[in-house]
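One structure is given here, and the rest of the page talks about it.
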Amino acid sequence: MAETRHTRVLIIGSGPAGYTAAVYSARAMLNPILVQGLQPGGQLTITTEVENWPGDTHVMGPDLMVRMEEHARAMGAEVISDYISSLDLSKRPFTAQADSGTTYTADAVILATGAQAKWLGLPSEERFKGFGVSACATCDGFFYRGKEVVVIGGGNTAVEEALFLTNFATKVTLIHRRDSLRAEKIMQDRLFKNPKVEILWNHAVDEVLGTDEPLGVTAVRARHVETGAITDVPCAGFFVAIGHAPASELVKDQLELHHGGYVKVEAGSTRTSIPGVFAAGDLTDHVYRQAVTSAGMGCMAALDAERFLAGED
């Protein structure tokens, strides 16, 4: 039989933002319920090695998320393996419908559904994810010291990733399907002046090439968009930088969004356009997109929710 449950704070999403929000709201005695979603732990669960999480010189992404979940549970948060399929923010208490059939009502909602990198959709790309294929240079660039890498994209993200990778790689090849970049001119100027960067214009990537044992990337196969000529570009790492897609489907017609679908929050807070609804992490962040900044925003969201509920009381 379908169940209806009420909570003071409902947290939707289970990455660093969601779990940190759960820790802080549980410590505030708000008895939060966290619904994990389709990918418990978020993007870090597909990151093999993390070396920029404070306090850990080296930790596996999935292990870090397991620890965060355990911390949230230890503080008293209820963590539920389910998926919120619809959310009504038109009146309080807010109402969320889960795939399991359970209906959740909440006095405050913290959205931490994250964002996902856009991928090319190639089977070979999927095969090498975490083993030479990445969508985060600041996460994984360190592993390509003294090696050659390839970046695909033409916007600010791609140029920033390429420039960052020159700190480690001996050569960075940027592949773009057009004959000019969309990135800001000042970024382009820095890129063009960097001796480690080579640009392959008017090309698309058709396939990621690599080995099975050990599993790893050896090259990418690029195709000229006009002539169809094929070029294999040797590399040890392939970085996809064609943008990110925030997971804002639940609220796209209810909350104010900006920058292509990111939830807009008030400067210096996690308050959204609806009182009592807060958002944290990559769902709101089109600039930094780091685990540590997401965790910080999760803390902010829990404190903002606590103050909001105290004011209501």
| message | Could you check the stretch 132-146 and list, in sequence order, the residues that are in a loop (DSSP other than H, G, I, E, B) and surrounded by fewer than 16 Cβ atoms within 10 Å (Cβ to Cβ)? | response | ARG145, GLY146
| said: Between ALA247, ALA241, which is farther than 19 Å from GLU160 by Cβ, buried (at least 20 other Cβ atoms within 10 Å of the Cβ), touching a residue at least 60 places away in the same chain (Cβ under 8 Å) and hydrophobic (A, V, I, L, M, F, W, C)? | reply: ALA247
| query | On the given criteria, is ALA137 more than 30 Å from ARG5 (Cα to Cα), in contact with a Leu (Cβ under 6 Å, 6 or more places away or on another chain) and not aromatic (Phe, Trp, Tyr)? | reply | yes
| request: Residue by residue through the stretch 120-130, note down the ones that are surrounded by fewer than 17 Cβ atoms within 10 Å (Cβ to Cβ) and either on the phi > 0 side of the Ramachandran plot or over 18 Å from the mean Cα position of the chain (by Cα) (or both). | output: GLY121, PRO123, ARG127, GLY130
| field | Hits in the stretch 147-163 - residues which are assigned to a helix (DSSP H, G or I) and in contact with a strand residue (DSSP E or B) (Cβ under 9 Å, 6 or more places away or on another chain) | value | THR157, ALA158, VAL159, GLU161, ALA162, LEU163
| task | Being at pLDDT 95 or above, assigned to a helix (DSSP H, G or I) and of a type outside the set (D, E, K, R) is the filter here, so list the residues in the stretch 16-63 that pass it. | result | PRO16, ALA17, GLY18, TYR19, THR20, ALA21, ALA22, VAL23, TYR24, SER25, ALA26
| task | Collect the residues in the stretch 5-23 that are of a type outside the set (Val, Ile, Thr) and buried (at least 24 other Cβ atoms within 10 Å of the Cβ), keeping them in residue-number order. | result | LEU10, GLY13, SER14, GLY15, PRO16, ALA17, GLY18, TYR19, ALA21, ALA22
| message | Quick test for you: out of TYR83, TYR104, pick the one residue that is on the phi < 0 side of the Ramachandran plot, out of contact with any helix residue (DSSP H, G or I) (no Cβ under 8 Å at 6 or more places or on another chain) and surrounded by fewer than 21 Cβ atoms within 10 Å (Cβ to Cβ). | response | TYR83
| Among the candidates LEU250, LEU209, LEU309, LEU255, residue that is in a loop (DSSP other than H, G, I, E, B) and not β-branched (Val, Ile, Thr) | LEU255
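The values are calculated or read from the model by the stated rules, or taken from the named source; none is laboratory data. These numbers were taken from a predicted model, which means no experiment stands behind them. A quick note on method: Cβ atoms are made from the backbone with ideal geometry, for glycine too, and the neighbour counts reach across all protein chains shown.
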